[in-house]
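The values are calculated or read from the model by the stated rules, or taken from the named source; none is laboratory data. It should be emphasised that the depicted structure is a prediction, and the values quoted were computed from it without experimental measurement. All Cβ positions, glycine included, derive from the backbone under ideal geometry; neighbour counts span all protein chains shown. Remember, those area values only see protein heavy atoms, side chains included, never the ligands or the DNA or RNA. Shrake-Rupley method; radii C 1.70, N 1.55, O 1.52, S 1.80 Å.
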Amino acid sequence: MFGALKEKLKKWITKNKEGDLDIKGHDEKKVDKSPKKQLSKKKKVKKSKVLEKQKDELEQSLEETINTPSEEKGFFIKFKKRLTEEKFEELFEELEIILLQNNVAYESVESIKKSLAEKLIGKNLKEVDLAEELKNAIESILINPPDFIKTIKDSLEIKSPFVIVFAGINGSGKTTTIAKVANYLQKNKLSVSLAAADTFRAASIEQIQQHADNLKIHLTKKDYGSDPASVGFDAITHAKKNKIDVVLIDTAGRMQNKDTLMKEIEKIVRITKPDMKIFLGESITGNDATEQAKAFNESTDITGIILSKSDIDEKGGTAISVSQATGKPILFLGTGQKYEDLEVFDKKKMIEKLGL
Ligand SMILES: Nc1nc2c(ncn2[C@@H]2O[C@H](COP(=O)(O)OP(=O)(O)OP(=O)(O)O)[C@@H](O)[C@H]2O)c(=O)[nH]1
Ligand SMILES: [Mg+2]
């Protein structure tokens, strides 16, 4: 994960951390070169404000130099190389492109920009830790999930079984992830059963039956075409009778913009009253996954997100933006096709993966 993004961020930091900025001349030259900026009246006003600010800074810098004991003065006057607002815009423009190209949603790019602006404008880049500031800016838009196992065990003290519905568009990894989650729950000493509530896609029941057999767990199923909500309901009845701790309900892949399909998931939720509603998104689909997560959240108020296929996602921006877009945490990352390839989401780990 983050292969491409990590490299680009590293280059951006290395390039800029030397703080080779001069508030005198350098900025102005760059501004004059841009014909777009010359044409824009608004920008001209902004520019004159910026130049005024630079002038103030220059004067302040000169004053500080004058007040500095002579032995501390160089032969030339040392200007303080502080990052102006305009220079920050220039510096961030490059980072913005890197982030957008790597699937970070625009909204999240704006948040990162705001955090960085607060930390960097007016500072000498040589005196700030650019990697640290970027790390903090990204970390601030991530959400750590609550402890998955503890949440379930706490709830089981009150009622049983604990019911989880998985939703997401076709091929996003729902069925595979359900098997991974079942395996994870078993490893944590919780009994599990599955519900084949995808009665729509050909071979979907055989696929989940295979996982149930491999993991030696019960699967509640009905014929293709039967009501998915009733499969979920039957699975809960079976779990109650057999004292099974957790029921995982598989659903059919549905497009988030197709009303009828969205309504179907709402019906499953209404009938089975799940304790958790998990949205499955494919990490590699970038902004599509983020938009789908938003739509599912608006429709069924999801508990959290699992991003599958993070092992083949070189960009990784979805993992950076999806929580901010929905206000919901990523619970797990899917990291491969084996049952063990499920990683609990952790902000710190994620930042480490980014190399920051
Ligand atoms: N590399 C990788 N592949 C994954 C991961 N999760 C799922 N897959 C693969 O993605 C494909 C689709 O997974 P499914 O679990 O069938 O997806 P689904 O959402 O149930 O699909 P539908 O039932 O058609 O809606 C399969 O080939 C899985 O092996 C993952 O974390 N990493
Ligand atoms: Mg499936």
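I'd like the per residue volume of the convex hull spanned by the Cα atoms of region 148-346, given in cubic angstrom. Could you put the intermediate results ahead of the total?
Working: hull volume 21.4 nm³, N = 199.
Value for region 148-346: 107 Å³ per residue.
Under a point-charge model restricted to the Cβ atoms of Lys and Arg (+1) and Asp and Glu (-1), what is the dipole moment magnitude of region 124-271 relative to its Cα centre, in debye to the nearest 20? Intermediate values should be presented prior to the final figure.
Details: 21 positive and 19 negative charges, 131 e Å.
So the dipole magnitude of region 124-271 works out to roughly 640 debye.
Take the Cβ-Cβ distance between Lys349 and Thr14 as r, set R0 to 30 Å, and report the resulting FRET efficiency rounded to the nearest 0.05. Working shown, then result.
On the way: r = 23 Å, r/R0 = 0.78.
With R0 = 30 Å, the Cβ-Cβ based efficiency is 0.80.
5 Å is the cut-off here: which amide hydrogens, built 1.01 Å from N in the peptide plane, fall below it relative to Leu342, excluding neighbours closer than 5 in sequence?
Thr335
Greater than 18 Å separation of Cα atoms is the criterion. Which listed pairs, Lys150/Lys353; Lys8/Lys328; Lys135/Lys349; Lys174/Lys353; Lys180/Lys263, meet it? Working shown, then result.
Values: Lys150/Lys353 26 Å; Lys8/Lys328 28 Å; Lys135/Lys349 12 Å; Lys174/Lys353 25 Å; Lys180/Lys263 27 Å.
With Cα atoms farther than 18 Å apart: Lys150/Lys353; Lys8/Lys328; Lys174/Lys353; Lys180/Lys263.
Taking the dipole about the Cα centre of region 148-346, with the C-beta of Lys and Arg at +1 and of Asp and Glu at -1, give me whichever of Thr326, Ser155, His211 is farthest to the positive side.
Among Thr326, Ser155, His211, the one farthest towards the positive end of the dipole of region 148-346 is Ser155.
Could you compute the net charge surrounding Lys119? Neighbours are other residues with a C-beta less than 12 Å from the C-beta of Lys119; K and R count +1, D and E count -1. Walk me through the numbers before you get to the answer.
Numbers: positive: Lys113, Lys114, Lys123, Lys135; negative: Glu118, Glu127, Asp129, Glu132, Glu133.
In short, -1.
Given labels modelled 7 Å from the Cα in the Cβ direction, how far is it in nm from Ser160 to Tyr106?
5.1
Quick one: check the C-alpha center-to-center distance for region 136-163 versus region 182-201, whole angstrom.
Between the Cα centre of region 136-163 and that of region 182-201, the gap is 18 Å.
Tyr224 accessible area, nearest 10 Å², 1.4 Å probe?
Surface accessible to solvent at Tyr224 totals approximately 90 Å².
Report, as a whole number in µm² per second, the diffusion coefficient that Stokes-Einstein gives for region 158-197 at 37 °C and 0.692 mPa s using the Kirkwood radius over alpha carbon pairs. It would help to have the intermediate numbers written out before the result.
Values: Rh = 11.3 Å.
Diffusion coefficient, whole number: 291 µm²/s.
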